[in-house]
Amino acid sequence: MKIGIPKEMANSEYRIGMTPLGVKQMTEAGHQVFVCSGAGLYSGINDQQYRDAGAFILEDSARVYSNSDIIVKVKPPIDDEFGWIQEKQIIFSYILPERHQELCNHFIEKKVTAFGYESVEDQHGGKPLLAPMSEIAGKMAVLVGSKFLQTNYGGKGLMLGCMSGIAPAVVVIIGAGTAAQGAAFIATGLGCNVTILNRRLARLKALEQRFGRNAAYLTLSHENLLKSISRADLVINTVDQMGEKETHLISRAMLKEMKQGAVIVDVACDKNGAIETSMPTTHKDPIYVIDDIVHCAIPNLPGAVPQTSTLALTEATLPYILKLANQGYKKSVLNDTGLRKGLCFYEGCLLNKKAAENFGLDYSSFESSFLHIEE
């Protein structure tokens, strides 16, 4: 199979979809790999390293797309890439179809088969391709939040961490998944006063076993949340409501109960979702202020540390890429139910129910679309 690794086109995205080690394993398995020239530089990888691993270096991403059966990347394709996608091509990356209407329309038109990293599951129901980036995003949320607490960014002028004779900063983490655990790891390590809120008590107990008395663990009720954010210096939200816009965990009215100059870092980056005032920002323009509260909602936080992120992502994705290339995608999804969970487009059929509901598109189950194609 011919595998393409284009340069990422999304704003401030510096990761790449595969390391030279991954390329070497693919070529040793008999596959051809095409890499866009310069695509790995920010991840600390030059073209010669990819050549040494057996890759063909092409001068631009358009040629990578035109020469490849399967495209392996990090972020969903953007408008500039839509014209390069080939009929019935396979895309393996983060997809998030419920947020990208134009992507859905184009994938349907081009009869694309696409696997979303965010939905692939392991045998225990975990998200092995989402987890490493979620952990990095959670850890970075504390670090960028600390930066934006500085007065020159509109923050209250507070440094996170322990200082003798001074009460520690208060960090509130909403959610108890992988990103929340990453945030708690850094915040407790700095000696902050940490509170974690989540609806599921079992998840809170799991975090309590890990962090012990270094944090407080509360059920995610309106009363607990309001009380917590009113004393918070930094709020980190990791809850993605997946397009549920009618209710918010933190409404705009609740901002008035927060301290002036406090910071909200929304890892979920769901516009007008869990945080009513949340809207995506970028690494180049990372913050905005509403009602004296600094907001940051960078969708690709791990993109700012590409040397770490690329290594972690390839470690997770490579076994699945090998499976797709060696077995073909049809046999792969039949044999691996966890990989099948990530299948969001199947030769142009949309298999993501939330995306179909959001954009008024036809939804197909895996069973119905597969049978239709086989006929």
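The values are calculated or read from the model by the stated rules, or taken from the named source; none is laboratory data. As the structure is a prediction and not an experimental result, all values here were calculated from the model. Methodologically, a virtual Cβ is constructed for each residue, glycine included, from the backbone with ideal geometry; neighbour enumeration extends over all protein chains shown.
Among the residues of the range 253-263, just one is surrounded by fewer than 15 Cβ atoms within 10 Å (Cβ to Cβ) and either within 18 Å of the chain's Cα centre (by Cα) or closer than 25 Å to residue 176 by Cβ (or both), namely 257.
Just to be sure before I move on: is residue 254 farther than 17 Å from residue 150 by Cβ, in contact with a helix residue (DSSP H, G or I) (Cβ under 7 Å, 6 or more places away or on another chain) and not assigned by TED's automatic domain parsing to the domain that holds residue 72 in the structure I sent? Considered against the rule, which asks whether it is farther than 17 Å from residue 150 by Cβ, in contact with a helix residue (DSSP H, G or I) (Cβ under 7 Å, 6 or more places away or on another chain) and not assigned by TED's automatic domain parsing to the domain that holds residue 72, residue 254 comes out as yes. Of the numbered conditions (1) within 18 Å of the chain's Cα centre (by Cα); (2) under 21 Å from residue 178 (Cα atoms); (3) modelled with pLDDT under 95, residue 237 satisfies every one except a single condition; which is it? Only one criterion in (1) within 18 Å of the chain's Cα centre (by Cα); (2) under 21 Å from residue 178 (Cα atoms); (3) modelled with pLDDT under 95 is unmet by residue 237, namely (3).
Counting only helices (runs of 4 or more DSSP H) wholly contained in the range 301-350, the ones carrying 2 or more residues that are within 26 Å of residue 238 (Cβ to Cβ) and either in contact with a His (Cβ under 8 Å, 6 or more places away or on another chain) or touching a residue at least 60 places away in the same chain (Cβ under 8 Å) (or both) occupy 306-327, 337-341. For the range 264-292, residues that are touching a Ser or Thr at 6+ places or on another chain (Cβ under 8 Å) and either among the hydrophobic types (A, V, I, L, M, F, W, C) or crowded, with 23+ Cβ neighbours inside 10 Å (or both) total 8.
Could you list, in sequence order, all residues of the range 114-143 that are hydrophobic (A, V, I, L, M, F, W, C) and either buried (at least 21 other Cβ atoms within 10 Å of the Cβ) or on the phi > 0 side of the Ramachandran plot (or both)? If the condition is that a residue be hydrophobic (A, V, I, L, M, F, W, C) and either buried (at least 21 other Cβ atoms within 10 Å of the Cβ) or on the phi > 0 side of the Ramachandran plot (or both), then 114, 115, 120, 129, 130, 133, 136, 137, 140, 141, 142 are the ones that fit. Is there a residue being surrounded by 24 or more Cβ atoms within 10 Å (Cβ to Cβ), in contact with a Lys or Arg (Cβ under 9 Å, 6 or more places away or on another chain) and within 16 Å of residue 318 (Cα to Cα) anywhere in the range 93-113? There is no residue in the range 93-113 that is surrounded by 24 or more Cβ atoms within 10 Å (Cβ to Cβ), in contact with a Lys or Arg (Cβ under 9 Å, 6 or more places away or on another chain) and within 16 Å of residue 318 (Cα to Cα).
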